[in-house]
Amino acid sequence: MSLGGEKLLLAPMEGLADHVLRDVLTRVGGYDGAVAGFVRVSGTLLPLRTFRRISPELANAGKTPAGTPVAVQLLGSDPVCLAENAAQLAELSPAGIDLNFGCPAPTVNRHGGGAKLLDDPESLFRIAGAVRRAVPPSIPFSAKMRLGVSDTAKALDCARALEASGIVALVVHARTRDDGYRPPAHWEWVARIRDVVRLPVTANGEVWTAEDYLRCRSVSGSDDVMIGRGAVADPFLARRIGVLMAGELPAGERAGDWIELLPLLADFWTQVSHKVGPRHAPGRLKLWLASLRRTFVEAAALHAAVRTLRGVEETTRVLALHGVPVSSGAFLRAAA
Ligand SMILES: Cc1cc2nc3c(=O)[nH]c(=O)nc-3n(C[C@H](O)[C@H](O)[C@H](O)COP(=O)(O)O)c2cc1C
């Protein structure tokens, strides 16, 4: 895909897109970068292995096997503790360090972290400023924010505060915390934020199709777009966007896409069983298939077929029956 200077980024999705899915999705291609799901920082200096667990790409120069750079995201509210952990993380030379000011989870917000901080732009400035001083300039330092907690009244001040703290890029998930994940995403607010800051702003939220991508760019005025759930639901979305941008073929699902996805599903299944073990692997597969149903009718049938299965062997068998080229021998050796 050629997007010129524009960047297409794969969003952090804790619990949904771990390094296995990042590997698969970036191998299909089209993403210029990705962010790993947040590392929660609360009161202690985390050991290096915690960062390596969330982003195994750190052992590969901060890149997925396909070579896509992966930033590591921190979530917390204590400037000193975040700064110390950021310095620790910087030792591992991630492709970037990002701060999360968007998490809506009640447990995180109760402790003053995530989106709750958007009520207090001054605290964003203090936190991001402390982390800025701890991160060497060679590592891109960014932040990801929502539009506010309950309304957008402080959105511009938050963006200004983050810019003043010295971040080099900002991702705006164009919803408030209270909006949760409900459509629409208010891309016009990304444009308003772009009007008051000079740093690059990436638009995020509700891009599910190549057409959404074009509308998001046009409404937000932003050349850079980050995609979350849409990337999981359609592994070929970045490619469809590239095709639409090049004006080569009509956008939309092609019949061959599901066939092309089958070996990727097989690879995902093998890798995920290695990673999480036989007890949790079927759940991870079901999670991805549930997302894929949005794009592929075949995924709905496969999801229905594995939905009640708990064992790795029976799941492998059903996958094979549906044309997923799993090698049960290799898989069982891997899972042993
Ligand atoms: C399951 C899930 C986990 C998420 N985890 C994170 C996270 O760790 N850090 C973060 O900044 N955003 C997280 N998000 C928000 C996404 O990065 C993104 O901002 C949001 O889903 C909107 O984009 P989308 O409409 O393209 O999905 C998560 C979203 C989902 C659905």
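Structural remarks
- Residue match in the range 39-50 (condition: assigned to a helix (DSSP H, G or I) and free of Cβ contacts under 8 Å to residues at least 40 places away in the same chain): yes
- Looking only at the range 79-112, and only at residues there that are outside any helix (DSSP H, G or I) and without any contact (Cβ under 8 Å) to a residue 40 or more places away in the chain, the one that is farthest from the chain's Cα centre (by Cα): 112
- Whichever residue in the range 177-198 is surrounded by fewer than 21 Cβ atoms within 10 Å (Cβ to Cβ) and among the β-branched types (Val, Ile, Thr) and, among such residues, is nearest to the ligand (Cβ to nearest atom): 197
- The range 40-72, subset of a type in the set (Ser, Thr, Tyr) and under 16 Å from the mean Cα position of the chain (by Cα), residue nearest to residue 107 (Cα to Cα): 55
- The residue pairs whose first member lies in the range 4-23 and is farther than 20 Å from residue 282 by Cβ, whose second member is within 9 Å of the ligand (Cβ to nearest atom) and assigned to a helix (DSSP H, G or I), and whose beta carbons are closer than 6 Å, counting only pairs six or more residues apart or on different chains, are 10/231.
- When 225, 201, 207 are checked against the criterion of being within 11 Å of the ligand (Cβ to nearest atom) and free of Cβ contacts under 8 Å to residues at least 60 places away in the same chain, a single residue qualifies: 207.
- So residue 30, is it within 16 Å of the ligand (Cβ to nearest atom) and surrounded by fewer than 21 Cβ atoms within 10 Å (Cβ to Cβ): no
- Tally of residues being part of a helix (DSSP H, G or I) and either within 12 Å of the ligand (Cβ to nearest atom) or at positive phi (or both) across the range 210-222: 3
- Filter pass, residue 65 being in a loop (DSSP other than H, G, I, E, B) and within 23 Å of residue 146 (Cβ to Cβ): no
- From the list 68, 44, 64, the lone residue that is surrounded by fewer than 18 Cβ atoms within 10 Å (Cβ to Cβ) and on the phi < 0 side of the Ramachandran plot is 44.
- Every test in (1) in contact (Cβ under 8 Å) with a residue 24 or more places away in the chain; (2) under 13 Å from the mean Cα position of the chain (by Cα); (3) within 13 Å of the ligand (Cβ to nearest atom) is passed by residue 75 save one, and that test is (2).
- Among the residues making up the range 279-327, those that are of a type in the set (Val, Ile, Thr) and exposed (fewer than 13 other Cβ atoms within 10 Å of the Cβ) are 297, 308.
Where a number appears in this text, it was derived from the coordinates with a stated rule and is not lab data. Quick caveat: nothing in here was measured; it's all calculated off a predicted structure. Counting neighbours? That spans all protein chains shown, and the Cβs are built from the backbone with ideal geometry, glycine included.
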